[in-house]
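Q: Below you'll find the structure I mean.
What follows is calculated from the coordinates using simple rules that are stated; it is not laboratory data. Everything numeric in this text was worked out from a predicted model, so none of it was measured. Because the Cβ atoms are built from the backbone with ideal geometry, glycine has one as well, and the counts that use them run over all protein chains shown.
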Amino acid sequence: MTYSGVVTTGGPADAHELTDLIISKVSVGPMDNNAYLLRCRATGEQLLIDAANDAPTLLTLIGADSVASVVTTHRHGDHWQALAEVVAATGARTYAGAYDAEGIPVPTDVPVHDGDVIRVGRVELTARRLVGHTPGSIVLIFDDPHGHPHVFTGDCLFPGGVGNTHADPVAFAELIGGVQTKLFDALPDETWVYPGHGKDTTLGAERPQLPEWRARGW
């Protein structure tokens, strides 16, 4: 089946099947939060991005093979409300940005720095730190050797704009500057973007809007 990236809270997951990786997207509360389960095809190892809420839904998605790791993209509470329960049920290692870990009530086993590599089976994900939405938000980039890159952006990039910087011009400048240099300048238009809320997009679809985003300041 063709992947659309369109999911609804309480509805079924949508799976993006790549050569080396299966990406399953599900929406949970409290704010149409997206969680992503990544499964290495070669080894069966799994990694969850953002145990946002509704642990039973996430544990059902994870299934009997359990999950080796859970990555939290940033410290905001709507992205980790099910983290304690998922970790208790699975024994998963926890990852979070080094500068956001103190704001997450579940201990972070592996603090993540800009450029660090996180592995799920034989698949490598490169973490990039983006400042502005929070001090230590991380995005994860899978540079698919069989196709185009895929990037999990948390609340740093959405269709139509960057994440909320609460009308702080300094924070906005930091965030849009980081998004420009670490994502738009580094990755091709075909790069698929999986945000922390709502629908997916591509860098190519969003790139023409960058000047407008800068002009409006959000």
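Q: Which pairs have Cβ atoms under 7 Å, sit 6 or more apart or on different chains, and link a residue in the range 44-69 that is in contact (Cβ under 8 Å) with a residue 60 or more places away in the chain and on the phi < 0 side of the Ramachandran plot to one that is of a type in the set (Val, Ile, Thr) and in a helix (DSSP H, G or I)?
A: Gln46/Ile62
Q: Starting from the range 106-117, take each residue that is surrounded by fewer than 17 Cβ atoms within 10 Å (Cβ to Cβ) and list its partners that are among the polar types (S, T, N, Q), counting only C-beta distances under 8 angstrom and pairs at least six apart or across chains.
A: Filtered contacts from the range 106-117: Pro107/Thr94; Asp109/Thr94; Val110/Thr94; Gly115/Thr126; Val117/Thr126.
Q: Same structure, new question: Just a yes or no: is a residue in the range 180-189 among the polar types (S, T, N, Q) and farther than 16 Å from Ser137 by Cα?
A: Checked against the condition, which is being among the polar types (S, T, N, Q) and farther than 16 Å from Ser137 by Cα, the range 180-189 yields no hits at all.
Q: Sort through Pro195, Pro145, Pro159, Pro149 and tell me the only one that's touching a residue at least 60 places away in the same chain (Cβ under 8 Å) and under 18 Å from the mean Cα position of the chain (by Cα).
A: Pro195
Q: Restrict the check to the range 46-57 and report whether at least one residue is within 20 Å of Thr9 (Cα to Cα), in contact with a helix residue (DSSP H, G or I) (Cβ under 9 Å, 6 or more places away or on another chain) and in a strand (DSSP E or B).
A: yes
Q: Restricting attention to the range 170-193, which residues are part of a helix (DSSP H, G or I) and among the aliphatic types (A, V, I, L, M)?
A: Within the range 170-193, Val170, Ala171, Ala173, Leu175, Ile176, Val179, Leu183 qualify.
Q: If you scan the range 70-86, which residues turn out to be in contact (Cβ under 8 Å) with a residue 12 or more places away in the chain and either in contact with a Cys (Cβ under 8 Å, 6 or more places away or on another chain) or of a type outside the set (A, V, I, L, M, F, W, C) (or both)?
A: Residues satisfying the conditions are Thr72, Thr73, His74, Arg75, His76, Asp78, His79, Gln81, Glu85.
Q: Mind counting the residues in the range 132-142 that are over 12 Å from the mean Cα position of the chain (by Cα) and surrounded by 20 or more Cβ atoms within 10 Å (Cβ to Cβ)?
A: Looking only at that region, the number is 4.
Residue-wise test of (1) more than 21 Å from Gly115 (Cβ to Cβ); (2) surrounded by 13 or more Cβ atoms within 10 Å (Cβ to Cβ); (3) among the hydrophobic types (A, V, I, L, M, F, W, C).
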position	(1), (2), (3)
Thr165	yes, yes, no
Pro169	yes, no, no
Gln180	no, yes, no
Thr191	no, yes, no
